[in-house]
Amino acid sequence: MPDDVTADQSPARPRDDKMPKWVLRSILLGFGLYVGIDIGRWLLGRTSDLLIMLLVALFISFALEPSVDALNRRGWRRGVATATVFLTVLLVMVGFMAAIGKVVVDETAQLIDNAPTYVDRLVEFANDNFGADLNADEISAELTAEDGPARGAATSLAGNAVTLSFTAVGALFRLLTIGLFAFYLVVDGPRLRRAVCSTLPPERQHRVIEAWDLAIVKTGGYLSSRGLLALVSTAFHWIAFSLIDLKYGLALAVFVGVISQFVPVIGTYLAGALPTIVALANDPIDALWVIAIVVVYQQIENYLLAPRITARTMELHPAVAFGAVIAGGAILGAPGALLALPAAAMAQAIGSSYITVHPVAEEIPRQARKPWSARRRVKDPDQ
């Protein structure tokens, strides 16, 4: 044994400077995750419109499937039943748009024809009540001059006609795409459910079917409750508009009923704007009556009709519904705001099926409660 090596020492082992294998695997895994997330974000940005259209089509299929199932149980073939339901909905939408379009076109033409009369009335009112010295002919000449606001607005509208046309074509294409997806989702609904469940173990298939049925029930309940409220609103406003002899009373009542129920948050204000403008074009007093009618009915609906009609369909607290609409609009825009209420009701129903609810113990009356300062721990004298 050499002299410089003691008995309790062993020869020095060579150092291993190689990098552990797990370090290289971790680096490659992190790089792969980064690339995968980046690719996923790129794909999500490219297909966001398609995904939103699929989501809207899915909710439309949930809303229409109960009607198709009812016809199917009566002996109708599923394809024929689906086509019948879709055709009925399409005819109702076309009739609604035609009626409202006629009102808008007629009132716009009347507004243009009576524009000089309105200017004269406005000038006369300003001169009589505010001591102004205005001339109606000079104002009309300034408005219709070559560099006036009227000509400028017309020129700008003509320049944007091509852009507006492409926008309208794009919106029509989206509607057709959503309708096509919704049609196939309804026609192949049972087959799609079987295909999804075939990839799951038996104990999870029941949960998927239950969640799917809850989605259909809640979406159909939302549509039925909104439809019933729209019918009641239409009837009320038609009677009220007929009493004040408002032009296009039935078409305006249908507009108020549909828009106020199916456009969240701002639907009531949009619904009351068109009949107010139509009434204002004829008589300002009628416009005040229209505003009063809309406000009074809104209070009746909020406190008497909506709680009773939606109690068995939506079962959503008003604060939850309001927050859901704001969140849906922030996430997906207008489609998210429209789908927020049935989505929130669906999430609540699915969550309640997995959450155990316990009975709440009876609360002690406030007068019988001891103040916190009196709740002192009594020591055991034996300690």
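All of the numbers you see were taken from the coordinates with simple rules; none came from a lab. From a predicted model like this one, the values you see are computed outputs, not experimental measurements. Glycine gets a Cβ as well: all are built from the backbone with ideal geometry, and neighbour counts include every protein chain shown.
Observations on the structure shown:
- The residues GLU124, GLU107, when put in order of fewest to most other Cβ atoms within 10 Å, stand as GLU124, GLU107.
- Cα gyration tensor category, rounded, prolate or oblate, for region 204-355 with a/c compared to 1.5: prolate
- Among THR84, THR108, THR234, a tally of other beta-carbon atoms within 10 Å of each Cβ gives an order, fewest to most, of THR108, THR84, THR234.
- Three-way shape label, region 15-110, alpha-carbon gyration tensor, a/c 1.5: oblate
- Per-peptide average of other Cβ atoms within 10 Å, ordering 257-263, 198-204 highest first: 257-263, 198-204
- By the count of neighbouring beta-carbon atoms within 10 Å, fewest first, ILE39, ILE52 end up ordered ILE39, ILE52.
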